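Right, one structure below, let's go through it.
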Amino acid sequence: MLVFERRREPSRFWTAITPVLAVLVTLIAGGIMFAILGKNPVEAIKTIFWAPIFDPNLSAYARPQILVKAAPLVLIAIGLSIGFKANIWNIGAEGQYIMGAILGGGVALAFYPLEAWWIFPLMIVSGIVGGIAWAMIPALLKIKFRTNEILVSLMLVYVSEHFLASVSLGLLRNPDGIGFPGSRNLQHYTSASNGELFVGTGIHLGVIVALVSIFALYGLIRFHRLGFQVRVTGQSVRISRFAGVNPNLMVIFCLAASGGLAGLAGIFELSGPAGQLSIDFNVGYGFTAIIVAFLGRLNPFGIALAALLMSLTYIGGDLAQFMLNLPSAAIQALQGMLLFFLLSMDFLSQYRITIKHWARG
Amino acid sequence: MTRNILQKVFAILASIFLTFSLAHAEPAKVGFIYVGPVGDFGWTYEHDQGRLAVEEAFGDKVETSYVENVPEGADAERVLTQMALAGNDLIFTTSFGYMDPTINVAAKFPDVKFEHATGYKRADNVSIYSARFYEGRAVIGHIAGKMTKTNQIGYIASFPIPEVIRGINSAYIHAKKVNPDVEFKIVWVFTWFDPAKEADAAQTLIEQGVDVIMQHTDSTAPMTIAEEKGIFAFGQASDMMEFGPTARLSSIIDNWAPYYVARTQALLDGTWESVDVWDGISTGMVEIGEFSDRIPEDVRAEAQAMADAISDGSYHPFTGPINRQDGSAWLGDGEIADDGTLLGMNFYVEGLSGSIPN
């Protein structure tokens, strides 16, 4: 019979190989699902994973779009991974993303139609401040009253969504919008526009910053004392005290880092691809980034790969919808399968499977 | 001799090639982008019915495709660009929030035609179209006013935008006209499609004594709740008969099919031009669903008469005297609201309680 033995340490080989295996198993299971839906499975898989990168008509546009869509996921997931390593669970990045966009966008719109070089930097800083401020609520409540940061940060997402609806319909509503909701479009406000850096690619400053953040996190975790403190706190708060870590400061640092990066992602998205604050401005990057952080095993380069993979399935998924008439639910199911197989295959790195024969006697 | 044969072979090859290429003349491609799932049995469902009508009408000459559940904003712009790159000739963008993305993408693809629903920004290759849903609201408001026993009518509203406010006002004016004691209880759910939230809103309204529910959201959840609790409701966007066979009194159906077929025909004929269309009951873009037998005979006749009068233009749902909520005069006796005011409507009419959230 099969026996599962817990490994003393997670297997390095299996940790490295499981993401690849998970993708392969997803392709097979997804293919079966597409076949059941009456589509050619090979064509469907090819459209989702191949066409955005290699299709002669579409790839020139789709390739940079993969980076554009991955950028906010990377920024947020990088921030979250710091806290997750220290066992500090910020689940409310979506809210910090929204608040960053509102504060940054609000500051920019306050100066409309003034054109000045300092508006853009001020807007970006305000975005970071907005995200940090929102993340400080669960941080301070945790320090002061020992509340659970998971619950508080999550609940604040819903508060921020109402706040977003309120400013889209009231305070920041476009005065020239004939009563319709939504702010002015920042793409049309030169001083606040986070436009594309290379013509026709859609790549904006946020994509570059996301790339930098990957290496920044690597440097922090690997070489900086703070990175060590984060890891120790994650192993045991008691031990970390002996190592000279102030646990309260650690809570503040982790939530500020993740909140600030989420806010930054929010303001880049608002001033770039999205353009305007509206009721539906947030599309779930803050939640998807949690998945990306774990899919990337809290490793900065893993996070980058995971974000690119998620982004690819979104963009390929759009193509599969209008080229093959696949329902969007099938694309979501495929994304779900990917996560499911990845997490379930963690089992292989944690356990050793051996075959034992019953001894007679 | 050989030359002759070669010439003949070429001629045959050429004719084969010609027939082949004619038989495979590229069909026109028409794309649709939806904010919800095609299975919402409301807003998106009806747009997709319109798409299917285009397929039905043109057969092999047209190829349609769609992308559903596309968030408004950056994702919409990307999806639209991809659809344009994939060779779509005409693209219908079926939600208000697709307005700026549609304008942006249309500027990059001047040869592709776009049709944006419910917005206000036009371009040479962008038409706008919407329906006068408030005409339907007037008819069902009349029925609701007659049918309520508790004189409490519940209204599940999505977002405080002019279209929704217009609907509330139109329904209220006509309910009040036939039942002076009527009161509206309005719940704002801040979503177009969220069955759980819409169901909660319906429950709350029923607990407050409401016995007729109207909705300006896209799911069938309020209808289902109304059926369970034994009160009345109206189908929204689509007929919703199956979801509340006894609760459903009538419905406002968005029938986009004739418009979509006409616009596709214009594309094929090469006569497509940017237009601004705001049609109602008269062209069939707004349809009143079949009246339930539970509505008394005379009320059915009155409702039908009103729909007919709106259709032939002899009656406008916003005909004065109508005051604003604060008591100030809006329309004088016999005065008819102009389209500009209606399009930007941001106030309640007199008698409605509560304020528009912002």
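The values are calculated or read from the model by the stated rules, or taken from the named source; none is laboratory data. These numbers come from a predicted model, not from an experiment. Neighbour counts are summed over all protein chains in view; Cβ atoms, including those assigned to glycine, are modelled from backbone coordinates with ideal geometry.
So is B:ASP339 in contact with a strand residue (DSSP E or B) (Cβ under 9 Å, 6 or more places away or on another chain), within 14 Å of chain A (Cβ to nearest Cβ), farther than 27 Å from B:GLY154 by Cβ and of a type outside the set (A, V, I, L, M) or not?
yes
Among A:SER236, A:SER193, which is in contact (Cβ under 8 Å) with a residue 60 or more places away in the chain and small (Gly, Ala, Ser)?
A:SER193
For the stretch B:174-192, check the following and say yes or no: at least one residue is within 30 Å of B:VAL30 (Cα to Cα) and out of contact with any Cys (no Cβ under 7 Å at 6 or more places or on another chain).
Checking the stretch B:174-192: at least one residue is within 30 Å of B:VAL30 (Cα to Cα) and out of contact with any Cys (no Cβ under 7 Å at 6 or more places or on another chain).
Looking at A:ASN299, is it surrounded by fewer than 20 Cβ atoms within 10 Å (Cβ to Cβ) and at positive phi?
no
Tell me, yes or no, whether the stretch B:126-145 has at least one residue that is closer than 28 Å to A:ASN57 by Cβ and either modelled with pLDDT under 95 or buried (at least 20 other Cβ atoms within 10 Å of the Cβ) (or both).
For the stretch B:126-145, residues closer than 28 Å to A:ASN57 by Cβ and either modelled with pLDDT under 95 or buried (at least 20 other Cβ atoms within 10 Å of the Cβ) (or both): present.
Condition check: in contact with a Leu (Cβ under 8 Å, 6 or more places away or on another chain) and within 15 Å of B:HIS174 (Cβ to Cβ). Does B:ILE288 satisfy that?
It is false that B:ILE288 is in contact with a Leu (Cβ under 8 Å, 6 or more places away or on another chain) and within 15 Å of B:HIS174 (Cβ to Cβ).
Return the residue satisfying two criteria in turn: it lies in the stretch B:244-261 and is in a loop (DSSP other than H, G, I, E, B) and in contact (Cβ under 8 Å) with a residue 40 or more places away in the chain, and of such residues it is surrounded by the fewest Cβ atoms within 10 Å (Cβ to Cβ).
Here the answer is B:THR246.
Counting only residues that are acidic (Asp, Glu) and not in a loop (DSSP other than H, G, I, E, B), how many does the stretch B:68-87 have?
The qualifying residues number 2.
Looking only at the stretch B:224-240, filter to residues that are out of contact with any Gly (no Cβ under 7 Å at 6 or more places or on another chain) and in contact (Cβ under 8 Å) with a residue 12 or more places away in the chain; which one of those is surrounded by the fewest Cβ atoms within 10 Å (Cβ to Cβ)?
Taking the candidates together, the pick is B:GLY230.
Let me confirm something: among A:ALA51, A:ALA77, which residue is closer than 28 Å to A:GLY316 by Cα and within 14 Å of chain B (Cβ to nearest Cβ)?
A:ALA51
Looking at B:THR204, B:THR217, which one is in the same structural domain as B:PRO160 (by TED's automatic domain parsing) and either farther than 26 Å from B:GLY97 by Cβ or surrounded by fewer than 24 Cβ atoms within 10 Å (Cβ to Cβ) (or both)?
The match here is B:THR204.
Here are the criteria: (1) surrounded by 24 or more Cβ atoms within 10 Å (Cβ to Cβ); (2) within 14 Å of chain A (Cβ to nearest Cβ); (3) out of contact with any Ser or Thr (no Cβ under 6 Å at 6 or more places or on another chain); (4) part of a helix (DSSP H, G or I). Tell me which single one B:ILE103 does not satisfy.
(1)
Restricting to the stretch A:83-110, what's the tally of residues that are closer than 11 Å to A:GLY259 by Cα and part of a helix (DSSP H, G or I)?
Number satisfying all stated conditions: 9.
Filter the stretch B:62-97 for residues that are free of Cβ contacts under 8 Å to residues at least 60 places away in the same chain, more than 7 Å from every other protein chain (Cβ to nearest Cβ) and hydroxyl-bearing (Ser, Thr, Tyr) and give the result.
B:THR64 - this is the single residue of the stretch B:62-97 that is free of Cβ contacts under 8 Å to residues at least 60 places away in the same chain, more than 7 Å from every other protein chain (Cβ to nearest Cβ) and hydroxyl-bearing (Ser, Thr, Tyr).
Read through the list (1) away from chain B (no Cβ under 14 Å); (2) surrounded by fewer than 23 Cβ atoms within 10 Å (Cβ to Cβ), then give the number of the only condition that A:VAL292 fails.
(2)
Looking at B:TYR155, B:TYR120, B:TYR134, can you tell me which residue is within 24 Å of A:SER168 (Cβ to Cβ), touching a Gly at 6+ places or on another chain (Cβ under 7 Å) and hydroxyl-bearing (Ser, Thr, Tyr)?
Exactly one of B:TYR155, B:TYR120, B:TYR134 is within 24 Å of A:SER168 (Cβ to Cβ), touching a Gly at 6+ places or on another chain (Cβ under 7 Å) and hydroxyl-bearing (Ser, Thr, Tyr), namely B:TYR134.
Return the total of residues in the stretch B:314-358 being touching a residue at least 24 places away in the same chain (Cβ under 8 Å) and of a type in the set (A, V, I, L, M).
Matching residues across the stretch B:314-358 total 7.
What number of residues in the stretch A:12-43 are farther than 22 Å from A:SER328 by Cβ, surrounded by 14 or more Cβ atoms within 10 Å (Cβ to Cβ) and either over 27 Å from the mean Cα position of the chain (by Cα) or of a type in the set (Val, Ile, Thr) (or both)?
Within the stretch A:12-43, residues that are farther than 22 Å from A:SER328 by Cβ, surrounded by 14 or more Cβ atoms within 10 Å (Cβ to Cβ) and either over 27 Å from the mean Cα position of the chain (by Cα) or of a type in the set (Val, Ile, Thr) (or both) number 4.
Can A:LEU264 be described as of a type outside the set (D, E, K, R) and in contact with a Phe, Trp or Tyr (Cβ under 8 Å, 6 or more places away or on another chain)?
For A:LEU264, the condition - of a type outside the set (D, E, K, R) and in contact with a Phe, Trp or Tyr (Cβ under 8 Å, 6 or more places away or on another chain) - is not met.
Has the stretch A:276-285 got any residue that is closer than 30 Å to A:HIS188 by Cα and of a type in the set (Gly, Ala, Ser)?
The answer is yes; a qualifying residue exists.
Just to check your reading of the model, which residue among B:GLU26, B:GLU72 is surrounded by 21 or more Cβ atoms within 10 Å (Cβ to Cβ), of a type in the set (D, E, K, R) and out of contact with any Lys or Arg (no Cβ under 8 Å at 6 or more places or on another chain)?
Going through B:GLU26, B:GLU72 in turn, the sole match is B:GLU72.
What do you reckon, is A:ALA304 within 14 Å of chain B (Cβ to nearest Cβ), in a helix (DSSP H, G or I) and among the small types (Gly, Ala, Ser)?
Taking the combined requirement at face value, the residue does not satisfy it.
Can we say B:SER274 is in a loop (DSSP other than H, G, I, E, B) and either crowded, with 22+ Cβ neighbours inside 10 Å or in the same structural domain as B:ASP312 (by TED's automatic domain parsing) (or both)?
no
Six or more apart or on different chains, Cβ atoms under 6 Å: show the pairs whose first residue is in the stretch A:268-288 and facing chain B (nearest Cβ under 7 Å) and whose second is among the polar types (S, T, N, Q).
From residues that are facing chain B (nearest Cβ under 7 Å), the pairs are A:GLY275/A:ASN185; A:GLY275/A:GLN187; A:GLN276/A:SER183; A:GLN276/A:ASN185; A:SER278/A:SER168; A:ILE279/A:SER168.
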